[in-house]
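This is the structure I want to talk about, given as structure tokens.
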Amino acid sequence: METLAERPVIGVRAIVDGRDSLRTAQSQPVLDLTRQVCRLLEEHVFYADGTPVRCVMSDPVGSSVDAVRTMEAFRRQNVGAVVHVARAWSYPMEILYDDAQIPQLIWGLSGSNAPGTVFMGAQAAAAAQVGVPLFKVYGMDIQDADDVSIPTDVAEKIVLFGQCALAVAQMRRKAYLCVGTTCMGIGAAGPEHDFYRRYLGMRVQSVDMSEVLRRLKEQVYDEAEYAKARRWARSFCLEGEDPNPPQMRRTQEEKERDWDVCVKMALILRDLMDGNPMLAEQGFAEAAQGFDALTASFQGQRHWTDWMPTNDFAESVLNAGFDWNGPRRPHPIATENDALQAAAMLFGALLTGGAQLFCDVRGYWSAAALRARYGDVPSQTPDGFFYLTNSGSMALDGCMGARENGAPAIKPFWNLTDEDVARCQSHVQWHAAKRAVFRGGGFSVSFRAEGGVPLTMVRLNMVHRLGPTLQIVEGCTVNLPDPVADGVTNRTDPTWPQVFFVPRSTDRPASGSVYRMMESWGSNHCVLCPGHVGAAFATLASILRVPVSLHNLPFEQLFRPDLWKQFGADDPIGADFRACTAYGPLYGAK
């Protein structure tokens, strides 16, 4: 497993004028400002486990020799992103950090008597000339030369870049775990080696579902932890009404055996991702290693579910921010082996620390359809809403049982309290899987998500001759009157999770109405991420060179490498496509 020393860090370079007459006087002020930037990042940017990011500072850089020494030092220190801080002029081509695979940002102090912005402009131009995408932060207001504070507008962009760049660095050299193969003919169901390797710098590890079966049969799991997890399931996983007709219902004894298998599957899939040293003590040294996987997907239908209990329990618990051991890092695992949404879930988890909700986009309900069938159009949905569900699994946090300042929320797992966990557990029920579809039995999680929660809906697509694209839509959950909510969900399956989501409309064609956003959506799968974090997804995508094909963000929220403007400053969506095509995947040309 990763140690603290192996984690990527953010390197912060202090830029000075290399001339003897100026260097000495400039060094201390720029080092003071650089320390402020380090402090800002360490207070607001976090690793996947919630611990603050670690920053390393360079000595003042004012010559090509300084630049080379700093690059060598940063490589030894495992720097995964670089922030350049400048208060004065330096020689751009001489001190350029010439590594296009390391995300970089420059902030030049905006002050007429401390011309950091002058150097910043020249450095951005030099980087564009040699093909190094560089984020540029130009402060709105002039500062005095002795001002070592970081303006709010500057701080917001530095933090946004820092979290996104750290997410990129944490993915590199890790793995995506694909369990099974194609699921019901779904195009994205299966390993996407090329995408994960060239865009994310990750390995793809494929495991047949028979490996799960082997571990069940040979008891390749921590038996003491299994006993603890099984007690937790008996105490807190409340069974709801069995939706099967009497002749198809499993006996209580059969259901108890299903619960045994479901809990063991959760342990086995987690161990496949993370490894587990306890397995070595039981004589399973190879299995104890795991695959160092940050995200995963499971096939399930139908080669597993036709004769074995569904994986819904394992997916719902692993995707959650807690389990029988209390709050812990979510383990993204996508339904139906959707490799692309497994990546989207990973993006969201690294950006927010919160549970990601894998959803099936079941339908758009217009005001007219609601009025015709139920005689009522709720005030929160004058333009309709998305009905989002999934065939039996969703992160338990999706019930919105946690509380943030008294309001329902999905919180970073490190902020979950015992009360949050207890409330989530009490909000969900587990219904026997419908055996007309899931012949092997098992249990589906069921809840109705509370309204008023801000979420960001995303989808990663793969398009022939284009490559990956990302769709981003911010909105909020809504509460529907019970007769309307029951009517909508009874048309599909009331024993599955239920989320009613209203995206924010804009004055642009593709996001001009709720219907247009649904009609433009890439397929039937999506991921819901806690909070309005669309700008972070867009910034992350630009680092990876994945264009955003649909979003409902104000254009002023978009923060991308400065040279993207050279591909069309008045056409941000088109410029994004042109720039991503020109530069190709972060870790390999097309």
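So how strong a dipole does the range 3-141 carry about its Cα centre when Lys and Arg Cβ are +1 and Asp and Glu Cβ are -1, to the nearest 20 debye?
40
Let me ask something else about it. Would you mind working out the magnitude of the charge dipole of the chain relative to its Cα centre, with +1 at each Lys and Arg C-beta and -1 at each Asp and Glu C-beta, to the nearest 20 Debye?
The calculated dipole for the chain is roughly 980 debye.
Sticking with this one: How do 92-98, 308-314 rank on mean C-beta neighbours within 10 Å, highest first?
Peptide ranking by packing, descending: 308-314, 92-98.
How large is ³J(HN,Hα) for each residue in the range 151-157, as worked out from phi by the Karplus curve 6.51 cos²θ - 1.76 cosθ + 1.60 (θ = phi - 60°), to whole Hz, x for Gly and Pro?
Listing the rounded values in order: x, 4, 5, 5, 4, 4, 6 Hz.
Of all the accessible heavy-atom surface of the range 190-316, with the other protein chains kept in place and a 1.4 Å probe, what percent is carbon and sulfur?
Within the range 190-316, the accessible surface is 50 percent carbon and sulfur.
Now for a different question. Among the listed pairs K255/K411; K264/K434; K174/K565; K217/K411, which are separated by more than 29 Å between their Cα atoms?
From K255/K411; K264/K434; K174/K565; K217/K411, over 29 Å: K255/K411; K174/K565; K217/K411.
Related question: Tally up the carbon and sulfur contribution to the accessible surface of the range 54-116 as a whole percent, 1.4 Å probe, everything protein left in place.
Heavy-atom surface of the range 54-116 belonging to carbon and sulfur, 1.4 Å probe: 49 percent.
Sticking with this one: Which value, in Å to one decimal place, does the Kirkwood hydrodynamic radius take for the range 400-516 when every pair of different Cα atoms is included? Spell out each step's value before the answer.
Working: mean 1/r = 0.0590 Å⁻¹.
Computed over Cα pairs of the range 400-516, the Kirkwood hydrodynamic radius comes out at 17.0 Å.
Here's a follow-up. Between the helical axis of 223-236 and the dominant principal axis of the chain, each derived from Cα atoms, what acute angle in degrees is found, rounded to the nearest 10?
Computed tilt is about 70 degrees.
Considering the options Q143, P115, A155, tell which one lies farthest towards the positive end of the dipole of the range 109-210, charges being +1 on Lys and Arg and -1 on Asp and Glu at the Cβ, about the Cα centre.
A155
Restricting to DSSP H runs of at least four residues, report the calculated mean residue ellipticity at 222 nm for the chain, -39500 (n - 2.57) per run over all residues, nearest 500 deg cm²/dmol.
Numbers: 18 runs with 211 residues, N = 590.
Per the formula, -11000 deg cm²/dmol.
Same structure, new question: Under the rule that a partner needs its Cβ under 4.7 Å from the first Cβ, which Cys of the chain have none?
C164, C178, C183, C237, C262, C359, C399, C424, C476, C526, C529, C580 - these cysteines have no disulfide-compatible partner (Cβ-Cβ under 4.7 Å) in the chain.
By a straight-distance test (C-alpha under 12 Å), which aspartates and glutamates pair with K136 as possible cross-link partners, with residues fewer than eight away in the same chain excluded?
Within the straight-line limit of under 12 Å, K136 reaches these aspartates and glutamates: D562.
Please give me the summed charge of the neighbours of T352: other residues whose Cβ is under 15 Å from its Cβ, Lys and Arg +1, Asp and Glu -1. Don't skip to the end; give the middle numbers.
Numbers: positive: R329, K411; negative: D49, D397, E404, E474.
The answer is -2.
Mind jotting down the distance between the C-alpha centroids of the range 351-387 and the range 491-559, whole Å?
Rounded to whole Å, the Cα centres lie 13 Å apart.
Another question about this same structure. Taking the Cα centre of each part, how many Å lie between the range 1-69 and the range 118-152?
For the range 1-69 versus the range 118-152, the Cα centre distance is 15 Å.
Can you give me the three principal axis dimensions of the range 508-590 from its C-alpha atoms, in Å, biggest first?
34, 27, 23
Next question. Quick one: helix 339-352 against the long Cα principal axis of the chain, what's the angle to the nearest 10°, folded into 0 to 90?
Approximately 60 degrees, to the nearest ten.
In debye to the nearest 20, how big a dipole does the range 244-380 give about its Cα centre with +1 on each Lys and Arg Cβ and -1 on each Asp and Glu Cβ?
That gives the range 244-380 a dipole magnitude of about 600 debye.
Now for a different question. Can you compute log10 of I(q)/I(0) for the range 1-155 with the Debye formula, treating each Cα as one identical point scatterer, at q = 0.09, 0.10 Å⁻¹?
For the requested q values the scattering log ratios are -0.26, -0.33.
In addition: Dipole of the range 296-341 (Lys/Arg Cβ +1, Asp/Glu Cβ -1, origin at the Cα centre): which of P332, F322, S297 lies farthest to the positive side?
Comparing the listed Cα positions along the dipole, F322 ranks first.
Quick one: Debye curve from the C-alpha atoms of the range 265-402, no solvent, what's log10 I(q)/I(0) at q = 0.09, 0.12, 0.20 Å⁻¹?
With no solvent term, the Cα-only Debye profile gives -0.36, -0.58, -1.18.
Another question, then. Of S505, M184, M457, whose Cα points farthest to the positive end of the dipole of the chain (charges on the beta-carbon: +1 Lys, Arg; -1 Asp, Glu; origin at the Cα centre)?
Ranked along the dipole, the leading option is M184.
For the chain, what does the accessible surface come to per residue with a 1.4 Å probe? Please give it in Å².
Counting only protein heavy atoms, the per-residue value for the chain is 38 Å².
Express in whole angstrom the spacing between the alpha-carbon centres of the range 308-325 and the range 422-447.
11
Another question, then. Highest mean first, what order results for 494-502, 145-153 on Cβ atoms within 10 Å?
Answer by packing, highest mean first, reads 494-502, 145-153.
Please work out how much accessible surface Y587 shows to a 1.4 Å probe, ignoring ligands, DNA and RNA, in Å² rounded to 10.
Taking all protein chains as shown, Y587 has close to 40 Å².
Would you report the distance distribution of C-alpha pairs in the range 80-236 as whole percents per 10 angstrom bin, up to the bin with the largest distance?
9, 23, 21, 16, 13, 12, 5, 0
Once the Cα atoms of helix 418-427 and of the chain are each reduced to a long axis, what angle between those two axes, in degrees from 0 to 90 to the nearest 10, is obtained?
40
Just order 258-269, 409-420 by mean Cβ neighbour count inside 10 Å, highest at the front, would you?
Highest to lowest by the protection proxy: 258-269, 409-420.
The values are calculated or read from the model by the stated rules, or taken from the named source; none is laboratory data. Since this is a predicted model, take the numbers as computed values, not measurements. Here the Cβ is made from the backbone with ideal geometry for all residues, glycine too, and neighbour counts use every protein chain on show. Note: accessible area is taken over every heavy atom of the protein model, side chains too, but ligands, DNA and RNA are not part of it. Shrake-Rupley method; radii C 1.70, N 1.55, O 1.52, S 1.80 Å.
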